[in-house]
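Below you'll find the structure, written out as structure tokens, and then a few comments.
The values are calculated or read from the model by the stated rules, or taken from the named source; none is laboratory data. These numbers come from a predicted model, not from an experiment. So basically every Cβ, Gly included, is an ideal-geometry build from the backbone, and we count neighbours across all protein chains shown. These accessible areas exclude ligands, DNA and RNA; they are computed on the full protein's heavy atoms, side chains included. Shrake-Rupley method; radii C 1.70, N 1.55, O 1.52, S 1.80 Å.
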Amino acid sequence: MKKVLLYIVSLLILGACSDEIPGYHQSLRAKRVILAYLVANNNLDNYIMKNVQWMYQSLSTAQDTCTLVVYYKPYSSNKYLETAEILEFQTDGYGKINGQEVLTGSSLTTENVIAQAKHHQARLGIATDPDIMKENLRMMQDIAPAESYGLIFGSHASGWFPFLNALSRSFGQDGDENNTIDIPRLATTLEQSFPSGNLEFTLFDACMMGTAEVFYELRNATRYCVASAMETPALGFPYDRFFIDLYKDVIDYSKICSETIQFNKENNSWGTYAAVDCTAMGEVAQAIQSELLSHQSELQTLDYTQVQQYGYGQYKYFSFDVVDFISQLNGGVVPANVQNSMDKAVIAKDCLDGEEYPLMTLRIDPERFCGMGMYFPGRNISYTWDRYYQSSIAWYNAAGWDKIQP
């Protein structure tokens, strides 16, 4: 009897210490899985394919079981994929991915990375069609069940804009320029694709998504959002420098921003990046509305050309720095309610000094970069923009623009 009791106690002790056993691995249902939805059926295909290699490179350093699932819609000239596929990569924490030794050195090529993936047939069709997107995101979650997900979007984008012409596409470009998805529909698609509310973050490897309009629209779809307020370099994010950190319980968003800025600096590019808690955007909207309603007369005379803005070329004045805008309405003072709400929402940010690293004629002042931009409707910047903004963008009413007297 004593031997039986001793055996039971020994088992209990071993069970209690299991987390300390070297090589302990997580269960079949992962704590977090990273998904990447990459719409590369355009001139970014080579860059986005390289991004997948960088993700793999960082993933190969995992000390535990980690899973990456990639939806990839290739361009017609892609050498490795002929049609849309879902690619699965799973580490075992012992130096193998999908049961094979991790690729290193001269073996770490895009061709070999794609060959080592587990290939699943994706739902065919326009990648930015809401039904196609929902079905593919569902299949990706079925392939890799998890308590929470991180989602990377890669493609062309133009922020809150609707499709207006070949250079205005909201998010995504699947071949034809009008094969895109606007931000309200994207938000609804994500809410329906993750009904449990377990989308921890969304990272936009795409231009001009770092605006209050986008963050507010996504407030019920994702907790955190990483994006740029301006156009982004074609090279994309340096995933080889931080991708594995996305599996951590607490993600260091400051590292993501700073590593990307450093990467852009090394490549003589430009950049602004921020991580925003989208669930805090309601409070930001209330603070902005209070200020706008209190300064209606100043809005009519504000010289918006003196406010830090984030658009270049045809996008000029599509987005103004939120805090700099409010500051100039208040004679250079940032009201406490605005600052407090922004401090809660913007949890990390970094940018390159535009005097040294400009985007053509667009220059960013680091002292005036708060982490997000917003549009200034009603000042004849663009009648087409104003009409769409008023009819379709939730931020328009939330921020109080609908209450401003013309």
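Do we have residue 52 as under 28 Å from residue 148 (Cβ atoms), at pLDDT 95 or above and under 22 Å from the mean Cα position of the chain (by Cα) here?
Values: under 28 Å from residue 148 (Cβ atoms): yes; at pLDDT 95 or above: yes; under 22 Å from the mean Cα position of the chain (by Cα): yes.
Considered against the rule, which asks whether it is under 28 Å from residue 148 (Cβ atoms), at pLDDT 95 or above and under 22 Å from the mean Cα position of the chain (by Cα), residue 52 comes out as yes.
Go through the stretch 232-248 and give me each residue that's surrounded by fewer than 23 Cβ atoms within 10 Å (Cβ to Cβ) and assigned to a loop (DSSP other than H, G, I, E, B).
233, 234, 235, 236, 238, 248
Which of the residues belonging to the stretch 382-406 are modelled with pLDDT under 95, not in a helix (DSSP H, G or I) and not small (Gly, Ala, Ser)?
Those that are modelled with pLDDT under 95, not in a helix (DSSP H, G or I) and not small (Gly, Ala, Ser): 404, 405, 406.
Taking the stretch 372-381, which residues are open to solvent by less than 20 Å² (accessible area, probe 1.4 Å) and either part of a loop (DSSP other than H, G, I, E, B) or on the phi > 0 side of the Ramachandran plot (or both)? Walk me through how you get there before you give the answer.
Keep residues of the stretch 372-381 that are open to solvent by less than 20 Å² (accessible area, probe 1.4 Å), which gives 372-377.
Correct list: 372, 375, 376, 377.
Looking only at the stretch 288-333, count how many residues are open to solvent by 40 Å² or more (accessible area, probe 1.4 Å) and more than 24 Å from residue 209 (Cα to Cα).
13
Contact list please: Cβ distance under 9 Å, first residue in the stretch 75-94 and under 17 Å from residue 144 (Cα atoms) and of a type in the set (S, T, N, Q), second residue in a loop (DSSP other than H, G, I, E, B) and open to solvent by 80 Å² or more (accessible area, probe 1.4 Å), pairs at least six apart or on different chains.
Close Cβ pairs (under 9 Å, with a partner that is in a loop (DSSP other than H, G, I, E, B) and open to solvent by 80 Å² or more (accessible area, probe 1.4 Å)) amount to 91/63.
Among the residues of the stretch 51-97, how many are in a strand (DSSP E or B), under 23 Å from residue 127 (Cβ atoms) and of a type in the set (A, V, I, L, M, F, W, C)?
Going through the stretch 51-97, the residues in a strand (DSSP E or B) turn out to be 67-73, 85-91, 96-97.
Narrowing further to those that are under 23 Å from residue 127 (Cβ atoms): 67-73, 85-89.
Remaining after also requiring of a type in the set (A, V, I, L, M, F, W, C): 68-70, 86-87, 89.
Going through the stretch 51-97 one residue at a time, the tally reaches 6.
Residues being of a type in the set (Lys, Arg) and assigned to a strand (DSSP E or B): count how many of those fall in the stretch 316-371.
So the answer is 1.
Can you tell me which residues in the stretch 348-362 are within 20 Å of residue 280 (Cβ to Cβ) and open to solvent by 70 Å² or more (accessible area, probe 1.4 Å)?
Once the filter is applied, which keeps residues that are within 20 Å of residue 280 (Cβ to Cβ) and open to solvent by 70 Å² or more (accessible area, probe 1.4 Å), the stretch 348-362 yields only 349.
Six or more apart or on different chains, Cβ under 6 Å: which pairs go from a residue in the stretch 251-280 that's in contact (Cβ under 8 Å) with a residue 12 or more places away in the chain to one that's open to solvent by 50 Å² or more (accessible area, probe 1.4 Å) and in a helix (DSSP H, G or I)? Could you list them?
259/241; 280/344
Given 89, 163, which one is at pLDDT below 95 and over 16 Å from the mean Cα position of the chain (by Cα)?
Values: 89 fails: at pLDDT below 95.
Just one listed residue meets the conditions, 163.
Evaluate the following for residue 156: is it closer than 24 Å to residue 203 by Cβ, out of contact with any helix residue (DSSP H, G or I) (no Cβ under 8 Å at 6 or more places or on another chain) and not β-branched (Val, Ile, Thr)? Show your work before the answer.
On the way: closer than 24 Å to residue 203 by Cβ: yes; out of contact with any helix residue (DSSP H, G or I) (no Cβ under 8 Å at 6 or more places or on another chain): yes; not β-branched (Val, Ile, Thr): yes.
Considered against the rule, which asks whether it is closer than 24 Å to residue 203 by Cβ, out of contact with any helix residue (DSSP H, G or I) (no Cβ under 8 Å at 6 or more places or on another chain) and not β-branched (Val, Ile, Thr), residue 156 comes out as yes.
Listed here are the residues, each with its yes/no results for (1) open to solvent by less than 10 Å² (accessible area, probe 1.4 Å); (2) in contact with a Leu (Cβ under 6 Å, 6 or more places away or on another chain); (3) under 23 Å from residue 226 (Cβ atoms).
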site	(1), (2), (3)
78	no, no, no
89	yes, yes, yes
93	no, no, no
109	no, no, no
137	yes, no, yes
159	yes, no, yes
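Tally the residues that are more than 23 Å from the chain's Cα centre (by Cα) and aliphatic (A, V, I, L, M), restricting the search to the stretch 361-406.
Of the residues in the stretch 361-406, 2 are more than 23 Å from the chain's Cα centre (by Cα) and aliphatic (A, V, I, L, M).
Tell me which residues, restricted to the stretch 249-260, are surrounded by fewer than 21 Cβ atoms within 10 Å (Cβ to Cβ) and either of a type outside the set (Val, Ile, Thr) or in a helix (DSSP H, G or I) (or both).
Within the stretch 249-260, the subset surrounded by fewer than 21 Cβ atoms within 10 Å (Cβ to Cβ) is 249-250, 252, 254-255, 258-259.
Within the stretch 249-260, 249, 252, 254, 255, 258, 259 qualify.
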